[in-house]
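Any read-out appearing in this document is the output of simple, stated calculations on the displayed coordinates, not a laboratory observation. Owing to the predicted nature of the structure, the values given are computational and were not obtained by experimental measurement. Here the Cβ is made from the backbone with ideal geometry for all residues, glycine too, and neighbour counts use every protein chain on show.
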Amino acid sequence: MASTADTPVARRLQHVKHIIIVCSGKGGVGKSSISAQLALSLRSSSPTAKIGILDVDLTGPSIPRMLGLDGHPVHQSSDGWVPVYADGSEARLACMSVGFLLKKKEDSVVWRGPKKNAMIRQFLSDVRWGELDYLVIDTPPGTSDEHISLMEHMAPVASHLSAVIVTTPQAVALLDAMKCLSFTRAVSLPVLGLIENMSGYVCPCCGEISNIFSTGGGQEMARREGLKFLGSLPVDSDLVTLLDAAEISFELLRQYQQTSTAPLFAKIAEEIVRTLSDKET
Amino acid sequence: MIAVQQPVPLPDALQVPSNAPEHCPGTQSELAGKADACAGCPNQDVCASGATRAPDPAVPLVRERMATVKHKILVLSGKGGVGKSTFTAQLGWAFAADEDAQTGIMDVDICGPSIPTILGIASEQVHSSSSGWSPVYVQDNLGVMSVGFMLPSSKDAVMWRGPKKNGLISQFLKDVDWGNLDYLIVDTPPGTSDEHLSIVSYLKESGIDGAVLITTPQEVALQDVRREIDFCRKVGIRVLGLVENMSGFVCPNCKNESQIFKPSTGGGRRLAEDMKVPFLGAVPLDPRIGKSADYGISFLDEYPDSPATTAYLDIIDKIKEQLEN
Ligand SMILES: Nc1ncnc2c1ncn2[C@@H]1O[C@H](COP(=O)(O)OP(=O)(O)OP(=O)(O)O)[C@@H](O)[C@H]1O
Ligand SMILES: Nc1ncnc2c1ncn2[C@@H]1O[C@H](COP(=O)(O)OP(=O)(O)OP(=O)(O)O)[C@@H](O)[C@H]1O
Ligand code: SF4
Ligand code: SF4
Ligand SMILES: [Mg+2]
Ligand SMILES: [Mg+2]
């Protein structure tokens, strides 16, 4: 891959230090929640860190809702689309999603591949991200148009790319996580590691851990495939409610830090930051 | 200036071939083959000749195969991981419990097929005969087709863009020897994209009875299901009803019920009311459903007395009622 290719995408993204693609194969395992949490945690990792989050789930965008940005419009400037900032004037958490472009939130986006490809190219080349330390990309399930398009358009910045694979403990999810891993191998995308989400449930009444979706399968897969295991996150119903709530103000970060998942996730984010900074040197 | 973009309205999308450029005017349009967007499109000659205003050659073949299928049901959601495949499997098993009924399950989730695993037939292969590909049978009256039966290894990723997926779906409809079926249930991937457009455009002429929509209680799922209902309306598919899955968690020890995915905006029931679609019922979260799926055994047969089984059977009865209307 020519790392010097001068495409509009390359010109925009050369100012982004690290691009982290969150993927899973299986639907509903928590890609969007983990992308949102990763963006929030990376933002807190340093007082000056600048983060972007790009939602390329074109037919089922969740990021606007999860970050409390439902209904925000995207503005056009002479230098491209202005992302929506989840933290207002601090402007350290920039978001872009097709959800911001819809007139009504219940409008379905019925697009075939070429239209999706064009939209993704536009997201990568026309959004005024500015300088970013990390750009987190939330992807839809599967290994199809969106994923292939992402990899094609970002080929000129391939050295900035890496992936995080998310799974839940069930066999059906692990099966698709394997397919996702095969995809990353086929396109030579380095994998930072694997996260097992919804792993065990701590009962709010008696504190007993019950295995709603069983547990441990992700760790086992990581071991077998020689991947780094980034950690497991238990089922946390407060997190679901928080990400559903669509707070308008940037209360989210403070509230997120009060969930039982936040400290667990902070460790995962730290590990990601460490791995990426090792890569830099 | 606000950069609002509107997606192409759907009647066009159904007429846009999967290899057409972004601004294709639609093959049935007056401008087909002549619009600015058509320059360089691989279909330009065909479109300009007017041939595309005639139907797709696969359509009559599909119609012929589907002539012996009584009811065609889509299982849809918009949101991922809400339990579409699990529900499809339970529906299949429940229909097939009637020895006189023939049921088929078609899995059009090409990138993440779960149906073979859930039905316990993951190691099977598809065989072809003179009358076409034969489905894999779970039992005499329950046949299944999935891309999962065609991969050399379950680890293989299917990295296909739209056109290839559409090609396979048309083959599933015209080349599979489904035989006489009372029910054909179609499990779909999340979203509203190539797979959905293809299945709808191929089956439209033969008639789709309707779609069962699956959701979970939280808003993040509901918002995608609203979009899916909008999709059904745009393409003219009847919504048989909405099922809320993973509704509450009944602890196996103390029978205490807790809400893991809280219905912060009223859940599936409220959505069904708001969007004026029938609410079919709620299935609780039960760890044994996930385990049964992983081991490929029928939850309904294994745990006949569980509240989830009662809920499933209730819902399935309502679907049958809807089909008779
Ligand atoms: N650790 C967790 N505990 C409990 N619920 C969770 C957890 N992680 C995610 N969820 C919830 O599960 C649902 C699905 O998660 P999410 O939308 O992030 O998945 P996804 O992989 O992005 O789905 P899709 O494939 O549809 O894009 C959401 O409502 C989310 O809040
Ligand atoms: N009521 C339930 N209680 C507990 N687990 C469930 C329930 N319904 C489904 N599951 C489990 O949840 C996971 C997701 O279900 P399933 O694969 O059927 O969803 P899907 O909508 O088909 O996902 P995808 O969008 O990836 O196709 C599976 O592991 C399944 O076993
Ligand atoms: S038995 Fe314990 S784990 Fe189960 S709901 Fe009751 S209090 Fe919670
Ligand atoms: S040539 Fe046909 S398929 Fe291609 S863009 Fe024009 S109308 Fe669409
Ligand atoms: Mg998502
Ligand atoms: Mg499925």
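Inter-chain neighbour count for B:231-239: the average number of beta-carbon atoms from partner chains within 10 Å of each residue's beta-carbon is 1. Taking other Cβ atoms within 10 Å as a rough exposure proxy, B:310, B:265 sort from fewest to most as B:310, B:265. Only helices reaching 20 angstrom along their own axis (Cα) with mean Kyte-Doolittle hydropathy no lower than 0.0 count here, and for the DSSP H runs of chain A these are A:171-186. Taking amide H positions as modeled 1.01 Å from N, with prolines and chain starts lacking one, the residues under 5 Å from residue A:93 and 5 or more places away or on another chain are A:51, A:86, A:87. Residue-wise HN-Hα couplings along segment A:77-87, as the Karplus relation 6.51 cos²θ - 1.76 cosθ + 1.60 with θ = phi - 60° gives them from phi, are 10, 5, 9, x, 5, 8, x, 8, 8, 6, 10 Hz; Gly and Pro carry x.
Within a Cβ distance under 10 Å of residue B:113, other residues only, what is the Lys/Arg minus Asp/Glu net charge? For residues surrounding residue B:113, the net value is -3. Straight-line reach from residue A:17: taking Cα to Cα under 16 Å and skipping same-chain neighbours fewer than 8 places apart, the aspartates and glutamates in range are A:131, A:133, A:278, A:280.
Taking a sphere under 12 Å around the Cβ of residue A:81 and counting the other residues whose Cβ falls inside, with K and R at +1 and D and E at -1, yields a net charge of 0. Just check the protein assembly as shown against the gyration tensor rule for me: Cα atoms, a ≥ b ≥ c as the square roots of the eigenvalues, rounded for a/c under 1.5, and otherwise prolate or oblate depending on whether a/b exceeds b/c. Note, shape of the protein assembly as shown comes out oblate. Judged by the mean number of other Cβ atoms found within 10 Å, the most tightly packed of the peptides A:178-184, A:31-37 leads the ranking A:31-37, A:178-184. In the distance distribution for chain B, Cα-Cα pairs more than 29 Å apart total 40 percent.
For the residue pairs A:115/B:155; B:276/B:318; B:84/B:165; A:105/B:234; A:115/B:164; A:116/B:84, alpha carbon separations beyond 26 Å are given by A:115/B:155.
Charging the Cβ of each Asp and Glu at -1 and of each Lys and Arg at +1, and nothing else, the dipole of segment B:71-114 about its Cα centre rounds to 320 debye.
In chain A, the DSSP beta bridges split such that about 20 percent are antiparallel, to the nearest 5.
Give, as a single signed number, the net charge of other residues whose beta carbon lies under 13 Å from the beta carbon of residue B:136, with Lys and Arg counted +1 and Asp and Glu -1. Net local charge, residue B:136 excluded: -4. Diffusion of segment A:8-280 by Stokes-Einstein, at 25 °C in a medium of 0.890 mPa s and with Rh set to the Kirkwood radius over alpha-carbon pairs, works out to 131 µm²/s.
Amide hydrogen proximity for residue B:78: with H placed 1.01 Å from N in the peptide plane, the residues at 5 or more positions away or on another chain lying under 5 Å are B:191.
Take each residue in B:160-170, count the other chain C-beta atoms within 10 Å of its C-beta, and the mean is 3.
Counting Cβ atoms of other protein chains within 10 Å of each residue's Cβ and taking the mean over peptide A:173-184 gives 5.
Each peptide among A:116-123, A:55-62 gets the average number of other Cβ atoms lying within 10 Å of its residues, and from highest to lowest they stand as A:55-62, A:116-123. Secondary-structure-derived ellipticity at 222 nm for chain A, considering helices only, amounts to -11500 deg cm²/dmol, per-run term -39500 (n - 2.57) for DSSP H runs with n ≥ 4.
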